[in-house]
Amino acid sequence: MWGKVPSVTTRFSFGLIPALIGFCLTVFATSAESRTTSALINGLTQAQQLYRSTTINLRTGRPEEAAASLKALIALWDETAAQTAAAPPPIAARVNLFAEVMEGGRARLRRAAEVLALGRTDGALEELAPLKREWIGLRRSVGLYGLVECLEESSDAIEALMVHRRQPADLARGETRGDIIAKAAVYRFALRRCEAFAALDPIGDGEFRRQADAIAAAIDVIDSALRLRDPTLLERVLGDLRTFDLQLSQRFGG
């Protein structure tokens, strides 16, 4: 019986070693996936902040500050794209053409820097503009949601209301007035949802609330326009709303 022990031990060792190797490889793979997932999430979070800093500086006539934040953004995105290309995180499977989106962002950022170096701030803004929506899509795909995404949804809500500005509203019809009231209420609710995220924003929620209060006051004027059956007043207040919403979105979303 004892003569069989060495062979059993040997067989056990032969079975244990591959199992240990497989376990170590699994742990290593899981760790690597975790690192690249973290790199993508951190990259997207920091990219939004640098993007906002860059676009705000461009719009306020501070090209040197814009160039500095854009340079930091390019370095960040280069690193993020390189890390996720070497070991794509599992969540990349949720994004169509993930690698192309990452590389496309790198190319667009470099073109923006080249245009800015020529002194063309408007051209740099045009190059950067598509990245905002692309990165919102990426963040949503990986389960991230914050102030930028919330403001994007509120802007979608106001677009539904703007149909009554593009097409003169017949305020004599109850259906028209009801539709305007409903869409204004949806926009007001969508914007209020963003207040919780604004409280966590580095800019602070004080400025957000001031701008949001101006929007709320404009929405209240809509009720007056409907009550007076005044299409001119309605068109004017809808124009003001669109401007206020754009300013808020640019200030906090880039």
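Scanning region 132-169 for residues being part of a helix (DSSP H, G or I), among the hydrophobic types (A, V, I, L, M, F, W, C) and under 17 Å from Gly43 (Cβ atoms) gives a total of 4. Being under 21 Å from the mean Cα position of the chain (by Cα), crowded, with 16+ Cβ neighbours inside 10 Å, modelled with pLDDT of 90 or more and not assigned by TED's automatic domain parsing to the domain that holds Gln49 narrows it down to one of Phe189, Phe208, so name that one. Of the residues listed, the single one that is under 21 Å from the mean Cα position of the chain (by Cα), crowded, with 16+ Cβ neighbours inside 10 Å, modelled with pLDDT of 90 or more and not assigned by TED's automatic domain parsing to the domain that holds Gln49 is Phe208. Within region 112-152, being of a type in the set (Lys, Arg), without any contact (Cβ under 8 Å) to a residue 60 or more places away in the chain and more than 18 Å from Ala68 (Cβ to Cβ) holds for Arg133, Arg140.
The residues in region 58-102 that are touching a Leu at 6+ places or on another chain (Cβ under 9 Å) and closer than 26 Å to Cys150 by Cβ can be counted, and the count is 18. State all residues of region 86-114 that are under 22 Å from Ala129 (Cβ atoms), small (Gly, Ala, Ser) and in a loop (DSSP other than H, G, I, E, B); if no residue qualifies, say none. Scanning region 86-114 gives no hits. Go through the residues of region 138-146 one by one and say whether even a single one is charged (D, E, K, R) and touching a Gly at 6+ places or on another chain (Cβ under 8 Å). Checked against the condition, which is being charged (D, E, K, R) and touching a Gly at 6+ places or on another chain (Cβ under 8 Å), region 138-146 yields at least one hit.
The values are calculated or read from the model by the stated rules, or taken from the named source; none is laboratory data. Bear in mind that the values here come from a model prediction, so they are computed numbers and not experimental data. FYI the Cβ positions are ideal-geometry reconstructions off the backbone, even for glycines, and counts take in every protein chain you see.
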